[in-house]
Amino acid sequence: MKYFPIYVDLDRQPVLVVGGGEQAAQKVRLLLKTTADITVVAEALEPELEKLVLDERIQAERRNFHPSDIEAKRLVYAATGDEGADRAVADAARARNVPVNVVDRPDVCSFITPAIVDRDPVTVAIGTEGAAPVLAREIKTRLERDLPDGLGRVADRAQRLRARVAQEIGDGRLRRHLWERLLKGRFRERVLASDEAGARQAFEMEVHAVKRDAGRAGHVALIGCGPGDPDLLTLRAQQRLQEADVLVVDRLVNPRILEFARRDAERIFVGKTPGGPATSQDEINRILVHEAEAGKTVARLKGGDPLIFGRAVEEMSALQQAGIACEIVPGITAAHASAASLALPVTSRGLHRKFSVLTGATADGVLDHDWSALARSGEAFAIYMGVRTAPEIRRRLLDADMAADTPVVVVENATLPNERAIATNLGDLAVCMIRKGVRGPAILFVGLDWTDLGLAAPNKVERFFRENIVPFEQRSDASTGTDQKEAVG
Ligand SMILES: C[S@@+](CC[C@H](N)C(=O)[O-])C[C@H]1O[C@@H](n2cnc3c(N)ncnc32)[C@H](O)[C@@H]1O
């Protein structure tokens with residue numbers, strides 16, 4: 001980030017606009033949203049600016065710019081439309097350490113003005129550091145559509161209620177809780193509907209509800225954060241993240257997801273690295289109960305879906321025993337995200353009527369699935385946590401007479417920028433994992449393939465088939481590129 005977004009207090013502050021044409025008028029229009037003291041310096045002013053002078057909304061000096069005009073100004077805009085004249089204004093401002101903006105010349109600006117969504121006093125500033133103004137405009141259009149016109153009224157109202165809220169509720173955490181209820185619930189809705197009596201009534205009800213619940217324990221939300229890409233987070237998960245006082249975070253949760261939480265929320269990392277240091281499950285349970293008993297709203301963040309290989313049972317049971325409310329917020333599980341990313345259907349009419357998920361790692365190291373039944377059924381399944389045990393899984397399935405050419409698709413880091421997918425078969429699986437350096441997290445799909453479904457595999461899928469080993473230079477298709485080289489691998 002080269003430009004750091006801040007809001008500058010311009011209340012009755014002197015701001016200089018140099019130029020009297022359309023460019024200057026555009027800047028003045030924007031500045032008139034503030035209560036700044038605006039002076040325009042130009043030999044001639046266009047009619048819109050003349051009218052503003054007449055209406056005493058701005059002041060004008062009808063002459064050429066002089067460097068002394070910069071003195072004591074809070075901000076300066078150079079908008080003459082003449083490159084040399086704008087450059088002279090920029091040089092004078094820089095010499096006096098006054099922030100300057102030169103229209104259409106980001107290279108000589110010391111500040112730039114973002115696109116603004118104005119719901120005064122709620123304002124959203126959107127900037128792309130000059131890289132893609134069209135993108136900024138698109139975001140602005142979307143926000144203009146999504147943010148109700150009366151949002152500023154809600155904020156104004158909140159401002160006026162601050163003293164009353166502080167007087168009613170002394171505890172900071174409960175006060176925050178009250179604001180959440182007010183600004184998301186019926187109170188906000190009534191203010192937006194300009195229903196004064198309804199808003200007053202909703203306010204009193206919310207204050208009463210928060211006081212009533214004050215002595216009660218907090219609660220825990222077990223939140224599925226999906227496979228990694230923050231775009232796959234549900235709206236409910238985002239809401240719970242924003243409400244949380246404490247975040248208890250697993251290893252596979254993408255740090256970018258934490259940006260949805262409040263900055264002041266406490267973060268406790270309890271990641272379990274495979275084979276590495278770990279916070280024990282008992283300790284995690286203890287943390288959840290302890291934080292909730294202190295009345296806090298706890299967000300327990302887990303990769304994928306909390307109810308799929310997520311140790312949810314242990315945590316739910318500890319919370320139930322302590323009498324603490326627990327909500328489950330579903331997430332997109334790794335197998336589904338992997339399948340979607342590769343456009344690989346996991347069920348298909350007449351071919352795959354059942355789809356199962358299995359774990360390839362158990363606490364006691366015993367892979368006690370009914371491998372014979374799996375091999376016999378001809379049905380597809382996805383293996384979680386199977387990177388380390390892939391050779392053993394392969395051996396057990398081959399011993400159970402599953403065909404060595406059964407398709408296997410390995411998806412590593414699904415939905416993340418470093419996602420990789422490799423199509424191989426059961427016979428080649430163990431060597432594939434080593435040669436391709438698969439470290440995980442990964443999903444292994446067994447018995448699924450695009451060809452069987454009459455579909456083409458996406459281009460990004462690498463291939464690893466040892467049976468194709470033919471010295472590369474002897475192959476008739478040797479000139480066709482990387483895929484073939486990798487097949488030789
Ligand atoms: C402890 S389990 C958690 C599963 C999670 N609750 C879910 O629903 O996806 C961890 C395993 O999920 C799989 N996994 C998680 N994130 C993944 C990703 N982005 N790509 C591929 N596999 C992933 C891997 O098999 C990993 O070893």
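The values are calculated or read from the model by the stated rules, or taken from the named source; none is laboratory data. The model shown is predicted, which means the values in this text are computed figures rather than measured ones. No Cβ is skipped: glycine too gets one built from the backbone with ideal geometry, and neighbour counts run over all protein chains shown. These area figures cover heavy atoms from the full protein model, side chains too; ligands, DNA and RNA do not enter into them. Shrake-Rupley method; radii C 1.70, N 1.55, O 1.52, S 1.80 Å.
Overview of values
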{"quantity": "Output for the stretch 297-311, where each listed residue is more than 6 Å from the ligand (Cβ to nearest atom) and in a loop (DSSP other than H, G, I, E, B)", "calculated": "PRO306, LEU307, ARG311"}
{"quantity": "Close pairs (9 angstrom Cβ cut-off, 6 or more residues apart or separate chains): free of Cβ contacts under 8 Å to residues at least 24 places away in the same chain in the stretch 41-57, part of a loop (DSSP other than H, G, I, E, B) and not small (Gly, Ala, Ser) anywhere", "calculated": "GLU43/ARG62; GLU43/ARG63; GLU43/ASN64; LYS51/ARG57; VAL53/LEU45"}
{"quantity": "Hey, ARG388 in contact (Cβ under 8 Å) with a residue 60 or more places away in the chain and not small (Gly, Ala, Ser) or not", "calculated": "yes"}
{"quantity": "Boolean, LYS51 is within 25 Å of GLY127 (Cβ to Cβ) and modelled with pLDDT of 95 or more", "calculated": "no"}
{"quantity": "Residues that are assigned to a helix (DSSP H, G or I) and either away from the ligand (no atom under 15 Å from the Cβ) or without any contact (Cβ under 8 Å) to a residue 40 or more places away in the chain (or both), drawn from the stretch 232-257", "calculated": "LEU235, ARG236, GLN238, GLN239, ARG240, LEU241, GLN242, GLU243, PRO255, ARG256"}
{"quantity": "Residue count for the stretch 391-420, restricted to those that are under 22 Å from the mean Cα position of the chain (by Cα) and of a type in the set (Ser, Thr, Tyr)", "calculated": "1"}
{"quantity": "Whichever residue in the stretch 416-436 is surrounded by fewer than 17 Cβ atoms within 10 Å (Cβ to Cβ) and within 16 Å of the ligand (Cβ to nearest atom) and, among such residues, is farthest from THR359 (Cα to Cα)", "calculated": "PRO417"}
{"quantity": "Which numbered condition GLY489 misses (of (1) open to solvent by 20 Å² or more (accessible area, probe 1.4 Å); (2) at pLDDT 95 or above; (3) more than 32 Å from the chain's Cα centre (by Cα))", "calculated": "(2)"}
{"quantity": "Those residues of the stretch 356-376 which are within 19 Å of ALA339 (Cβ to Cβ) and open to solvent by 50 Å² or more (accessible area, probe 1.4 Å), in sequence order", "calculated": "VAL357"}
{"quantity": "In the stretch 186-216, residue surrounded by the most Cβ atoms within 10 Å (Cβ to Cβ) [restricted to those that are in contact with a helix residue (DSSP H, G or I) (Cβ under 7 Å, 6 or more places away or on another chain) and closer than 16 Å to GLY150 by Cα]", "calculated": "PHE187"}
{"quantity": "Yes/no for ASP82 being out of contact with any helix residue (DSSP H, G or I) (no Cβ under 6 Å at 6 or more places or on another chain), open to solvent by 50 Å² or more (accessible area, probe 1.4 Å) and not basic (Lys, Arg)", "calculated": "yes"}
{"quantity": "Hits in the stretch 128-161 (condition: open to solvent by less than 50 Å² (accessible area, probe 1.4 Å) and of a type in the set (D, E, K, R))", "calculated": "ARG157"}
{"quantity": "Selection status of VAL270, out of contact with any Gly (no Cβ under 6 Å at 6 or more places or on another chain), in contact (Cβ under 8 Å) with a residue 24 or more places away in the chain and not assigned by TED's automatic domain parsing to the domain that holds PRO441", "calculated": "no"}
{"quantity": "Pair list, Cβ under 6 Å, 6 or more apart: the stretch 304-323 residue modelled with pLDDT under 95 and open to solvent by less than 60 Å² (accessible area, probe 1.4 Å), other residue within 16 Å of the ligand (Cβ to nearest atom) and outside any loop (DSSP other than H, G, I, E, B)", "calculated": "GLY310/LYS302"}
{"quantity": "Boolean, LEU233 is surrounded by 16 or more Cβ atoms within 10 Å (Cβ to Cβ), hydrophobic (A, V, I, L, M, F, W, C), closer than 30 Å to VAL249 by Cβ and assigned by TED's automatic domain parsing to the domain that holds ILE284", "calculated": "yes"}
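Conditions (1) among the hydroxyl-bearing types (Ser, Thr, Tyr); (2) over 30 Å from ILE287 (Cα atoms); (3) in contact with a strand residue (DSSP E or B) (Cβ under 7 Å, 6 or more places away or on another chain), marked per residue:
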position	(1), (2), (3)
LEU182	no, no, no
LEU192	no, yes, no
GLU204	no, yes, no
GLY224	no, no, yes
PRO227	no, no, yes
LEU232	no, no, yes
